[in-house]
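A short write-up of the structure that comes next.
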Amino acid sequence: NVQESQTRLCPDELCGGAGPDTSERLSSLYADARVVYAHLVAPPALAEGLPAIDEAWTGFGEEGAAVENLNVSTEVPEIDVQTFYLGRIRDFNRFLHSLKAPAGRAPTLSFLHLLMPHGPWLYFPDGRVSAVAQPRAPGRDGERWWDDDLAVQAYQRHLLQLGYTDRLLGRLIARLERTGLYDRALLVVVSDHGIAFRGDDDRRLPTAKNLQDLAFVPFFVKLPGKQRRRVVERHVRIVDVLPTIADALGVELPWKVDGRSGLADDGPGPDEVQVGRLTAPYEELLTRRDEALRRKIALFGDRDWDIYDLEPYGSLLGRRVAALGASPGDGEAVVDPTGSRLLRSLPAGSPLVPSPLLGTLSGVEPDSWVAVALNGRIAAVCRSFRHDEGPVRFAALAPESAFRPGANDVTFFLVDGPSSAPRLRELETTLSS
C-alpha cells in the first residue's frame, strides 16, 4: 500500500507499475519545459510573473490556471484547489481510505510521501486554502531570502500550513483507531529536510548562518502496543529510519546500512554534524537550535495558531477603525485581480481565502508600514517592499476568520509613530477588475 508523490521506488511486482503512462509523462514534460524555457529567455521584470520552477519537481504553471479558471460560485472540490501539487490532499485521502481493518494476521506496509507542510504554503489550519494567483511566497530570489520581513511572513505561512498538516495527522490516527490498527501498528512520521527563514540568507542550502534550522527534523515513532512516552536526546538522521523500523520489529537487516536505530539507549552525541557540505560541532549546534527556538517563540508565541501579532504594530489587530482616529493620506493601494474577485463576492462555505492580499502601492515608499482593515477592523499589518526596479508592493496576511461570506469591505492605511500610539493615514483603495 504505497503512495509516492515524486518517486517510483516501489517495485512493479509489488505496486503493479502504477503511474502515468508515456503520453501523460511527455505531455507534462512538454508543459514544464515551456515554463523553464520562458525563465531562461525572459528579462527579470517579466520572469517575476512566471510560475515558480524551484518549488516542485513538476507541474509548473498549473497553479495559476487553477485559480483563474475557478468559478467560485460553483461547488469546489474539498480543499484541493490551485495547490502547486494539485493532488497532495487527494493523495492523502486516497491513502487514508486504503487503510482497512486487518483481514488476517499477515503484516502489511503502508507508505505515504505527502508534500506537507512542504511549500508552497497555501493552507490555513482549518483546511481552507489561500487564493493567490502566484503561490510562491514573495521575498526571495532562487533559494535566497532578500527581505527579512517577507522571510518572516513566509515563516508564518509555513506554520499555518503545519497546523493543517497536524490536522491531517490527527485524521490518520483516528482512522487507524477506527480500523483497529492503531494499537498494533508501528507508526513513523518523519520529515526529509529542514528550511530556514532568515533575511539575506538561503532557505535550503546550508550556510554558517542557517545550519541550526536545517540540521534537525521531526522524527516521531509510535511503537506497537506501547503507551509510555520518551524523548531520545541524541542526533538522529534520515538514514536511521530503516534501522529504527527493523529494531522495533525485531528484524535483522540482511545488508549493511549507514544509520542506526533511533531506539537505542541514549548515548553521547557525535562530535560534529554534517549538513550538506558544512559541518559544525554538535554541542554548538544544540546551543544554536535553542536560540532558533527562542527566536520562533519571540516572533509567534507558543500557545496556539494565532501567529499574526507581530511587532511593532501587532497591537492594532482586531481594533475597530472607527476608534483609531485615522486621517486622510496620500497614495493608493491596488489589490490584484484574484484577491479583488473574492473580496467582492466570497461564496459561503468556500474553501478559498483571499489571504495574503497582494497588490501594488503608489505614493508610498518601500519599507513603510501598512495596515489593512477588513469589515471595519484591522486584520493585517505588513511592510511595503520593492524588488529590483519593480513597483512598490504589499503582501498582507490576514487570518481566515477576518473574512465573511459575500462582499468584504477593505481599506488600507499607512502606519507610523510609536507602537504605543500609532498614527494611521487612509489610502485610496482600489479593487482590480
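Each value in this text was obtained by applying a stated rule to the coordinates, not by laboratory testing. Model, not experiment: these values are computed from the prediction. Neighbour counts are summed over all protein chains in view; Cβ atoms, including those assigned to glycine, are modelled from backbone coordinates with ideal geometry.
Quick one: which residues, 5+ away or cross-chain, put their amide H under 5 Å from the amide H of Arg377? H built at 1.01 Å from N.
The answer is Val321.
Subtract the Cα-Cα distance of Asp265 and Ala174 from 0.36 nm times their separation in residues, and report this length gain in nm to one decimal.
29.7 nm
Please list 3J(HN,Hα) in residue order for the stretch 419-431, calculated via the Karplus relation 6.51 cos²θ - 1.76 cosθ + 1.60 where θ = phi - 60°; whole Hz, with x for glycine and proline.
Karplus values, whole Hz, x for Gly and Pro: 4, 6, 8, x, 10, 10, 10, 6, 9, 5, 10, 10, 8.
Whole Å is fine, so just give me how far the alpha carbon centre of the stretch 168-225 lies from that of the stretch 257-314.
The stretch 168-225 and the stretch 257-314 have Cα centres separated by 13 Å.
With the cut-off at 1.5 for a/c, could you classify the stretch 336-433 from its C-alpha gyration tensor as rounded, prolate or oblate?
It comes out oblate by the Cα gyration axes.
By the scheme Lys and Arg +1, Asp and Glu -1, what is the net charge of all other residues having a beta-carbon under 13 Å from that of Pro102? Kindly include the intermediate steps, with their values, before the conclusion.
Working: positive: Lys100, Arg105, Arg178, Arg184; negative: Asp183.
Here the count lands on +3.
List Phe385, Phe111, Phe412 from most exposed to least, where exposure is judged by having the fewest other Cβ atoms within 10 Å.
Ranked by crowding around the Cβ, least crowded first: Phe111, Phe385, Phe412.
Provide Ser355, Ser419 in ascending order of the number of other Cβ atoms located within 10 Å of each residue's Cβ, fewest first.
Ser419, Ser355
Tell me which residues come under 5 Å, amide H to amide H, from Ser355 once H is placed; ignore anything under 5 positions away on its chain.
Answer set, sorted by chain and number: Ala131.
List every residue whose amide H lies under 5 Å from the amide H of Ala185, counting only residues 5 or more places away in sequence or on a different chain, with H placed 1.01 Å from N in the peptide plane.
Residues meeting the criterion, in which the H sits 1.01 Å from N, are Gly225.
Say a paramagnetic label sat at a point 7 Å from the Cα of Arg386, along Cα to Cβ; which residues of the stretch 126-161 have their backbone N under 20 Å from it?
Taking a point 7 Å out along Cα→Cβ of Arg386, the residues of the stretch 126-161 whose backbone N falls under 20 Å are 138-141, 146-151.
Consider a paramagnetic label point 7 Å from the Cα of Arg319 along Cα→Cβ; state which residues of the stretch 384-425 have an amide N under 11 Å from it.
416, 418-424, by backbone N distance to the label point.
When averaged across all projection directions, what area in nm² does the alpha-carbon convex hull of the stretch 385-433 cover? Intermediate values should be presented prior to the final figure.
Numbers: hull surface 22.6 nm².
Here the figure is 5.6 nm², rounded to one decimal.
Taking Lys222 as the anchor, which lysines have their alpha carbon closer than 22 Å to its alpha carbon, excluding any fewer than eight residues away along the same chain?
Correct list for Lys222: Lys100.
Using the 10 angstrom Cβ neighbour count as an exposure proxy, how do Tyr155, Tyr182, Tyr123 rank, fewest first?
Details: Tyr155 22, Tyr182 16, Tyr123 27.
The fewest-first ordering by Cβ neighbours comes to Tyr182, Tyr155, Tyr123.
Can you compute the FRET efficiency between Tyr182 and Leu253 using 1/(1 + (r/R0)^6), with r the Cβ-Cβ distance and R0 = 30 Å? Round to the nearest 0.05.
It comes out at approximately 0.70.
Need one word for the stretch 298-391: rounded, prolate or oblate. Basis is the Cα gyration tensor (sqrt eigenvalues a ≥ b ≥ c); a/c below 1.5 gives rounded, then a/b vs b/c decides.
Note, shape of the stretch 298-391 comes out rounded.
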